[in-house]
Every structure is written in structure tokens, then in C-alpha cells.
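Peer 1: Attaching a single structure in C-alpha cells format; questions to follow.
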Amino acid sequence: MPSGDDANLPGQQLPLGPALGGAPEPFVPGPDDRARVDAAVRAVLAGDASPFDATFAATGVPGATIVPDPAPDALPHPTLRFLHAYWSGLPREGGDLPDQRAVDPVEMRAALGFVLLLDVEPGGYDFRYRLYGSGVASLGAQDWTGWTVGAMTQKTRTNYGLFYRAVYRAALLSRRPVHTEHHSPRYLMAKAWQRIVLPMAGPDGGVGRFLVGNVPVGAQPLTAELRAELLRRVSPGSSAGGSSG
């Protein structure tokens, strides 16, 4: 996988696509959705990314890497190390996880464009973007704030949805961070994404929210055709696309 510190990809950002507007589309899971997610979660918790190999191969890219509960100093990107240290230093109020209300955006200003906040949906099989970082949004040409992961991937018809949801559910069940790296489809400017998922406690002590660092690594040039494809995939009324999750 690519590695490095080039989080901002200077000069590479695209204008955001047309605002989707209105209420996010509801996610309609298949009849075996929970069983598929649960099987994928078991693999994530074992650090096994092989169940997702076919998903990434279908877009012509290598498979992902998954590291459950990574050592902070082993995280490859400084933004992810910064966020892990910030999360580790938040007050626990007697529990094993920081209170989700303890997050202060001012204290994360060095990373804010590449921070996602996700709330756990009832049942714990989908997750809603409370905040979608501006840097991630500009590279993917759309701000998905307010959408669930399932609805976003259904809207764009990307097969990456199972990967994203399994990683978040694994962090939910283990109550520990998960680090991933995966390649982008060819119509995204970021060659790959490195991510740290940091669980936080809700009012009842269960995991209610995730603090996520999601940084791009490397750049791949986009032709005018690929730029048009990306914007088509995230435009209102479209039903095919890609996402950076």
C-alpha cells in the first residue's frame, strides 16, 4: 500500500458536486445483510482483509489492510497518530472509553479537514455521518454529512459499503480502535486512504460515536472524463458512484 505524509494533496481538490439536498435516501439492506456484516466483522477483528479482496479487485486495485487496536507509534500517518493521542488523552469518566461529548473541535484543528464523526444507528449495523471533513469531501466531490454509510454506498452503488460498515461495527463490538488502508477507485484523486476509527462512549456507556481520521495518501491524475464520471456519481438523481468512507 502507498505510505507517506501527503495528506492535503495540494492543488488536487475538486469543487464539491451539486448539493444532494433534501433528506438522505433510506438504506434498504438485503435479507442477509446482518449475517454478511457479522461474518465480515469476525474477519476484521482477526485482522483478515481477505473477505474484501474481490471487492477491491473489481475496481482494479489491490486489497485492503486491517490492523485491530494498533500501537499508536505504528500508525503510518502523523495525522492519525495525532488523533489517536488526542483520543487517548480525553477524560474517561471512570469508563474504558472517552465521553463522546468531550471532543473539542478547536483542539483538533490541525486535523479537522480529515476528521469524520459518525453516530451509531439503532441496532449497530449502520452509522450516520455527523461530520464529514471538508478535505475528504473536496477529494470525493461531495459532503455526506447526515447520510448513513449504508445509504451513501447504496446511492453511489459502490461495493465498499460492507468493508466500511464491518470496520465500524468491529470497533463498536471490541470498543478498541481499528486502523485500515485501502485503495480508491480510479475516479478519485486520492490513490489510497489511511483511516483510524476511535470509539467513544455515549450517555449509556455503550459506543455511541466514532472519531475517525481519514487521510489520503498519494495522488492519481484524473482525466476530464474521470472527473466527469466522479461528479456524475455524486450528483442528485444519480445512482452509481464511489465514496471514500
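Peer 1: Given +1 on the Cβ of Lys and Arg, -1 on the Cβ of Asp and Glu, and no further charges, what dipole in debye does the chain carry about its Cα centre, rounded to the nearest 20?
Peer 2: Dipole about the Cα centre, nearest 20: 360 debye.
Peer 1: Grab the other residues whose beta carbon is less than 13 angstrom from that of Val149, score K and R as +1, D and E as -1, and report the net.
Peer 2: Computed value for this residue: +1.
Peer 1: Using a 10 Å cut-off on Cβ atoms, rank the peptides 59-66, 154-161 from the highest mean neighbour count down.
Peer 2: Per-residue Cβ counts within 10 Å, averaged per peptide and sorted highest first, yield 154-161, 59-66.
Peer 1: Quick test of the membrane-span-like rule: which DSSP H helices of the chain reach at least 30 Å along their long axis (C-alpha atoms) with mean Kyte hydropathy at least 0.0?
Peer 2: The answer is none, since no helix passes both cut-offs.
Peer 1: When a/c is below 1.5 the answer is rounded, else prolate if a/b is larger than b/c, else oblate, so apply that to the chain with a ≥ b ≥ c taken from the square roots of the Cα gyration tensor eigenvalues.
Peer 2: rounded
Peer 1: If you take the alpha carbon radius of gyration of the range 100-209 and divide it by 2.2 N^0.38 Å, what ratio comes out, to two decimals?
Peer 2: Working it through for the range 100-209, the quotient is 1.05.
Peer 1: Continuing with the same structure: Quick check for you: which residues of the range 131-155 have the amide N under 16 Å from the point 7 Å beyond the Cα of Arg227 toward its beta carbon?
Peer 2: Hits in the range 131-155 for Arg227 at 16 Å: 138-142.
Peer 1: How charged is the neighbourhood of Asn159? Take every other residue with its Cβ under 14 Å from the Cβ of Asn159, and add Lys/Arg as +1 and Asp/Glu as -1.
Peer 2: With Lys, Arg at +1 and Asp, Glu at -1, the net is +3.
Peer 1: Return the calculated 222 nm mean residue ellipticity for the chain, to the nearest 500 deg cm²/dmol, obtained by summing -39500 (n - 2.57) across DSSP H runs with n ≥ 4 and dividing by the residue count.
Peer 2: -8000 deg cm²/dmol
Peer 1: Amide H neighbours of Val178 under 5 Å, counting only residues 5+ apart in sequence or on other chains, H built in-plane at 1.01 Å?
Peer 2: Asp69, Val197
Peer 1: Another question, then. Once Lys and Arg get +1 and Asp and Glu get -1 on their Cβ, which of Gln142, Leu83, Val41 lies farthest toward the positive end of the dipole of the chain?
Peer 2: Gln142
Where a number appears in this text, it was derived from the coordinates with a stated rule and is not lab data. Because the structure is a prediction, the values reported are computed rather than measured. Reconstructed Cβ throughout: ideal geometry from the backbone, glycine too, with neighbour counts over all protein chains shown.
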